[in-house]
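Chemist: Submitted below is the structure of interest, expressed as structure tokens.
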Amino acid sequence: MEDEVDRLVAAWRRERPDLDVEPLEVLSRVGRLSRHLDIARRAAFAEHALEPWEFDVLTALRRAGAPYQLSPGQLLTQTLVTSGTMTNRIDRLAAKGLVQRLPDPDDRRGVLVRLTQAGQERADAALAGLLDHERAILAELSAAQREDLAALLRQLVAPFDNLAD
């Protein structure tokens with residue numbers, strides 16, 4: 001089976017035989033897969049009337065466990081956006097009734113963002129839908145292949161995720 005990366009690599013080998021283009025065989029596929037996954041995820045979230053950023057915030061709160069609340073700073077850390085962007089996102093989710101702002105009992109000036117029941121239901125349904133889509137994407141791989149692929153990708157991703165450590 002040939003893919004677009006095979007054609008791209010063949011063209012570079014023909015045009016630039018002096019270069020070792022082997023990294024393209026892995027990383028160009030990762031990049032293309034990322035774009036395909038982004039499209040598939042957007043479609044899965046749209047089935048639940050969510051944008052990807054909404055899913056990110058709601059599921060960060062859902063993963064926090066009961067009472068499903070985090071400070072805006074904790075949400076920043078988990079979603080990798082600026083404080084201004086997070087404030088805007090919280091405002092928009094609150095307007096939709098998916099989150100609420102509460103005073104932080106440990107900090108008079110602070111607030112906590114809590115998932116509402118509607119937010120929890122939407123996050124849970126969107127996650128279940130996403131997992132159905134993603135299972136279908138991985139269906140061509142055996143369980144052992146999925147495990148091997150996850151381990152290899154972890155090896156590539158971990159150094160980036162642990163830069164701050």
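The values are calculated or read from the model by the stated rules, or taken from the named source; none is laboratory data. Please read these numbers as outputs of a predicted model, since none were measured by experiment. For neighbour counting, all protein chains shown are included, and Cβ atoms are generated from backbone atoms with ideal geometry for every residue, glycine included. Please note that ligands, DNA and RNA were not included when accessible areas were found on the heavy atoms of the full protein model with its side chains. Shrake-Rupley method; radii C 1.70, N 1.55, O 1.52, S 1.80 Å.
Chemist: Take residues that are touching a residue at least 40 places away in the same chain (Cβ under 8 Å) and tell me which of the helices (runs of 4 or more DSSP H) falling wholly in the range 1-80 contain 2 or more.
Modeler: Hits in the range 1-80: 22-46, 52-63.
Chemist: Then there is this: Could you tell me which residue of the range 97-120 is farthest from LEU61 (Cα to Cα), considering only residues that are in contact with a helix residue (DSSP H, G or I) (Cβ under 8 Å, 6 or more places away or on another chain) and part of a loop (DSSP other than H, G, I, E, B)?
Modeler: GLY97
Chemist: Looking at ALA139, ALA128, ALA151, can you tell me which residue is outside any strand (DSSP E or B) and surrounded by 11 or more Cβ atoms within 10 Å (Cβ to Cβ)?
Modeler: Just a single option satisfies the conditions, and that option is ALA128.
Chemist: Can I ask one more? Restricting attention to the range 113-125, report how many residues are crowded, with 20+ Cβ neighbours inside 10 Å and either at pLDDT below 95 or among the hydrophobic types (A, V, I, L, M, F, W, C) (or both).
Modeler: Going through the range 113-125 one residue at a time, the tally reaches 3.
Chemist: Another question, if that's okay. Given the criteria surrounded by 13 or more Cβ atoms within 10 Å (Cβ to Cβ) and touching a residue at least 60 places away in the same chain (Cβ under 8 Å), does GLY110 qualify?
Modeler: no
Chemist: Are there any pairs with C-beta distances below 8 angstrom linking a residue in the range 128-156 that is on the phi > 0 side of the Ramachandran plot to a residue that is open to solvent by less than 70 Å² (accessible area, probe 1.4 Å), with the two at least 6 apart or on different chains, and if so which?
Modeler: Short answer, once both residue conditions are applied: none.
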